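One structure below.
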Amino acid sequence: MSKKNKKWVNVVYSTNPNFHYEAESEGHSETPPKNLQRLYVSIDRKQRGGKEVTLIEGFQGLEDDAKELGKLLKTKCGVGGTVKQNEILIQGNFKDKIFDILINEGYSQTKKKGGN
């Protein structure tokens, strides 16, 4: 690793010639295929003042790909939402509709979680 790398973590200085620097991980290097993603769709009301959001958990891969999926779901549902730490939140109760959209998009391992 070159000394120009500014993403070293937990290193002040080492005199050990065999020391290997740890680099900050950038998350997943690539997004697995849709049919290998295990997504869980549920309704969440916690800490939202009683308002419901549809929560899609379990997305693995690049955050940009999660944001792209979130944008698709928001567009198809006609509502707002956000993506945080690869969790997609869609405003409102769209659990069944989002489940159907994900299955049609090729996310074949998608499951519904919880009641409702």
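Coordinate-derived values only; no laboratory data. The shown structure was predicted, so the numbers you read here are calculated from the model rather than taken from an experiment. Positions of Cβ are generated from backbone atoms using ideal geometry, with glycine treated the same way; all protein chains shown enter the neighbour counts.
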*Please report, for the Cα atoms of the range 28-112, the Rg to one decimal and the Dmax as a whole number; what are they, in angstrom?*
12.0, 37
*Which links in Lys34/Lys76; Lys46/Lys71; Lys74/Lys97; Lys71/Lys113; Lys67/Lys95 stretch past 20 Å when you go from one Cα to the other?*
Lys46/Lys71; Lys71/Lys113
*Take each of the peptides 87-94, 100-107, average the number of other beta-carbon atoms within 10 Å over its residues, and list them starting from the highest.*
87-94, 100-107
*Extension gain Glu105-Glu87, at 0.36 nm per residue separation less the Cα-Cα distance, in nm?*
4.7 nm
*Name the shape class, rounded, prolate or oblate, that the alpha-carbon gyration tensor gives for the range 45-89, where a ≥ b ≥ c are the square roots of its eigenvalues, rounded holds for a/c under 1.5, and otherwise prolate holds if a/b is larger than b/c and oblate otherwise.*
oblate
*In percent, how large is the relative contact order of the range 28-112, given Cα pairs closer than 8 Å and 6 or more residues apart?*
37
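Determine the sum of side-chain charges near Asp96: Lys and Arg each +1, Asp and Glu each -1, restricted to other residues whose C-beta is under 14 angstrom from that of Asp96. Don't skip to the end; give the middle numbers.
Numbers: positive: Lys76, Lys95, Lys97, Lys111, Lys112, Lys113; negative: Glu52, Asp100.
Charge balance near Asp96 sits at +4.
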